[in-house]
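The values are calculated or read from the model by the stated rules, or taken from the named source; none is laboratory data. This structure is a prediction, so every number in the text was calculated from the model and none was measured. Here the Cβ positions follow ideal geometry from the backbone for every residue, glycine too, while neighbour counts run over all protein chains shown. These area figures cover heavy atoms from the full protein model, side chains too; ligands, DNA and RNA do not enter into them. Shrake-Rupley method; radii C 1.70, N 1.55, O 1.52, S 1.80 Å.
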Number of protein chains: 2
Amino acid sequence: MKVLKRAPLENDPVPDLCRACKARHRGICGALDADQLAELSRRSHKQVVEAGKTLLDAEEPTTSYSNILAGVVKLSKMLPDGRQQIVGLQFAPDFVGRPFSPESSLKAEAVTATVLCTFPRNLLERMIEQSSGLEHRLYLQALAELDDARDLLLTLGRKTARERVATFLLMIARHTPKGEELEGEAESEAGFDLPLTRAEIADFLGLTIETVSRQLTKLKSSGVIRVEQNRRIRVPDMELLAAETGD
Amino acid sequence: MKVLKRAPLENDPVPDLCRACKARHRGICGALDADQLAELSRRSHKQVVEAGKTLLDAEEPTTSYSNILAGVVKLSKMLPDGRQQIVGLQFAPDFVGRPFSPESSLKAEAVTATVLCTFPRNLLERMIEQSSGLEHRLYLQALAELDDARDLLLTLGRKTARERVATFLLMIARHTPKGEELEGEAESEAGFDLPLTRAEIADFLGLTIETVSRQLTKLKSSGVIRVEQNRRIRVPDMELLAAETGD
DNA sequence: GAGGTTCCTTGATCCTGATCAACGCGTCAA
DNA sequence: TTGACGCGTTGATCAGGATCAAGGAACCTC
C-alpha cells in the first residue's frame, strides 16, 4: 500500500511505468520525462478502495490526486437540503482531481471497488509547470469531461425518463471494455453489468429510484433489454436501444 | 472588418494589445510573446455581429475561433426532433471554440449584439504547440466552463422551476459588470438587463416559456424582484434572491 | 432461523410543470 | 389604418414523474 522507495534505474526495462502501481498512468506518465516519472513513482502509491470511499470532498482542501486504474468513480454535488446530483462518472484511466483550485466544489467517490494510483497535489501542480506535455494531457481530459457534461445537460434538460435511462444504459455499454463483456452471447448480443445502484442511476439522471426502476421494467417488457439479477443487462440489439435515447 | 496588415513594432506602447481589435485578448494575448502576438494580430479581425449570428455550428467543420470582447454567446445542443438545450453561456473575455476537435458538437450563437475578435483555427492550434502559456490559459477556461456546466447539471437535475429561475437571475446579476448596472438604485439595490428572451431562458433551464414567465411573475409578487419592460430586472435585496436558489 | 439491512419493484395517489389556447402589446410594412 | 409578426402573459387542462406506501429477495449477524 505504501510507496516503493526505489531509486530510478537508468536501464529500467519498462521506463514508462509508474513504479508504485506498476501501470502506465495513461494520460499522465506518458507526458513525463524519465526524471519526472521517477519522482512521481516515488511519491505515488497504489491503493485498492472499496465502494463508497470518498476520494475528494466538497469544501475540503484537496491534498492528493489520483489516476483510476480500474473501477468507477462518481462526481457529485449536493444542495444544502440533501438533494443530490451526480455530475460525472469517471473510468480508467481518468485523472481524478481539479487542478488549480485549493478545494473541489464536488465530491468524488468510488462507486465500485476501485484501484487507484494516488500522488500529492502539489507535486502534480509543480510538474504541470515543468512539463507542458502533462498539462496538454490534462487539458484534453478536461475538454472530454466538458463534452460529457454537456451531453448530460441535454439529457437532464430535455429528455423523458425513458430516454434518460436508455441513454445511461448505452453510455455504460460503451464504457464496458471489449472482453469484459458477458459470456455466452448469441450473435452479437451485448451484455454488461451496471456499476451503479438504482439510487445512483437516479441521482445521475435527475430522477427518482422508482422511476428508474419502472423505466427499466418497461424497456424490459418492450424487449429492448433483458435484466438478470438486477445488475446484469443484456441488449439483444444495440440499435434498438440507441433508438430509445432520443438522439 | 478585415485585418490590419501592420508590421510588429518593437516600441509599440501597448505591446499586449491585439492590433486588429485594439483590445487585450484576456486569456489569450497575455500568454503570447511579441512575435506570436504580432502574427495573431495580423490574422485576426474584429467584427460586430448581431443577435442570432451563428459562430460555430454542430457537425460543421470549424475554421475559426473567437474571443468575446463584448456581448453574450450561447452554446446549445439539439435533439433530432428539435428539442433544444442551452449548455453554456459565454461572456467577455471568454474564448469561443473547441480546440483539438475538427468539429464542434454544439452550436455557438450570439445572443445579443456581440463584438468578437476572430482568428483562424489552425493558427491557434499551432500557437498552442509553441506556447505553453497559451495552453495554460485555455486549460483554465475549460476548467471554469466545466465548473459552470456542473453547476447547471445540479440545477437541471434537482431544482424546482422557481429555484432554476432564481439561480439564472443570480447568475446574470453576477455577470453584469459593476458600472453597467442600472442607474438610480436606492441603497444597494441591484439592477440588470436580461440578455436572453424567455424562450432562451427556458432552453437554458430545461423549462418551457410559460413556466419561466409564471415563475418570474411569482418572484415579482413575492417582492424578490421587480420587472420593468420585460427585460429589465431589479433586485431590492440580493440575499432574498439568493435564498430562492436552493443552494 | 429470526431479525435486520440493503436493494429493488410495484401500486395508488398527488402535484409540478407541460400543453393547449387566447390575448395584450409594440413594431414594422403595406 | 390594418394586419402580420415577435414576444410575453395568463388561464384551463393534462400528464409525466414524484411521493407515499407496501412488500419481495438477497445477504448479513446473532
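What the table below lists for this structure:
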| quantity | calculated |
| --- | --- |
| Matching option when the condition is in contact with a Cys (Cβ under 7 Å, 6 or more places away or on another chain), hydrophobic (A, V, I, L, M, F, W, C) and modelled with pLDDT under 90, among B:Leu37, B:Leu4, B:Leu32, B:Leu9 | B:Leu37 |
| Checklist (1) closer than 20 Å to A:Ser76 by Cβ; (2) within 10 Å of chain B (Cβ to nearest Cβ); (3) within 16 Å of DNA strand D (Cβ to nearest atom) applied to A:Val165, failing item | (2) |
| From the options B:Glu200, B:Glu228, residue that is farther than 22 Å from B:Phe91 by Cβ, outside the structural domain of B:Val87 (by TED's automatic domain parsing) and of a type in the set (D, E, K, R) | B:Glu228 |
| Residue satisfying all of: in segment A:188-202; open to solvent by 20 Å² or more (accessible area, probe 1.4 Å) and assigned to a helix (DSSP H, G or I); nearest to DNA strand C (Cβ to nearest atom) among these | A:Arg198 |
| Of residues in segment B:109-139 being free of Cβ contacts under 8 Å to residues at least 40 places away in the same chain and more than 10 Å from chain A (Cβ to nearest Cβ), the one farthest from B:Ala58 (Cα to Cα) | B:Arg126 |
| Residue count for segment B:85-117, restricted to those that are part of a strand (DSSP E or B) and of a type in the set (Gly, Ala, Ser) | 3 |
| Residues located in segment A:203-217, provided they are within 14 Å of another protein chain (Cβ to nearest Cβ), within 12 Å of DNA strand C (Cβ to nearest atom) and buried (at least 17 other Cβ atoms within 10 Å of the Cβ) | A:Asp203, A:Gly206, A:Leu207, A:Thr211, A:Val212 |
| Residue in segment B:77-86 that is away from chain A (no Cβ under 14 Å), open to solvent by less than 50 Å² (accessible area, probe 1.4 Å) and without any contact (Cβ under 8 Å) to a residue 60 or more places away in the chain present | no |
| Helices (runs of 4 or more DSSP H) completely within segment B:118-186 that count 3 or more residues being at pLDDT below 95 and open to solvent by 10 Å² or more (accessible area, probe 1.4 Å) | B:121-130, B:132-158 |
| Hits in segment A:140-153 (condition: out of contact with any Leu (no Cβ under 7 Å at 6 or more places or on another chain) and either facing another protein chain (nearest Cβ under 7 Å) or over 16 Å from A:Ile86 (Cα atoms) (or both)) | A:Leu140, A:Gln141, A:Leu143, A:Ala144, A:Asp147 |
| Whichever residue in segment A:218-241 is open to solvent by 30 Å² or more (accessible area, probe 1.4 Å) and hydrophobic (A, V, I, L, M, F, W, C) and, among such residues, is nearest to DNA strand C (Cβ to nearest atom) | A:Val227 |
| Number of positions in segment A:49-76 that are charged (D, E, K, R) and within 14 Å of chain B (Cβ to nearest Cβ) | 2 |
| Pair list, Cβ < 6 Å and 6+ apart or interchain, from segment B:203-224 residues that are in a loop (DSSP other than H, G, I, E, B) to residues that are within 11 Å of DNA strand D (Cβ to nearest atom) | B:Thr208/B:Ala202 |
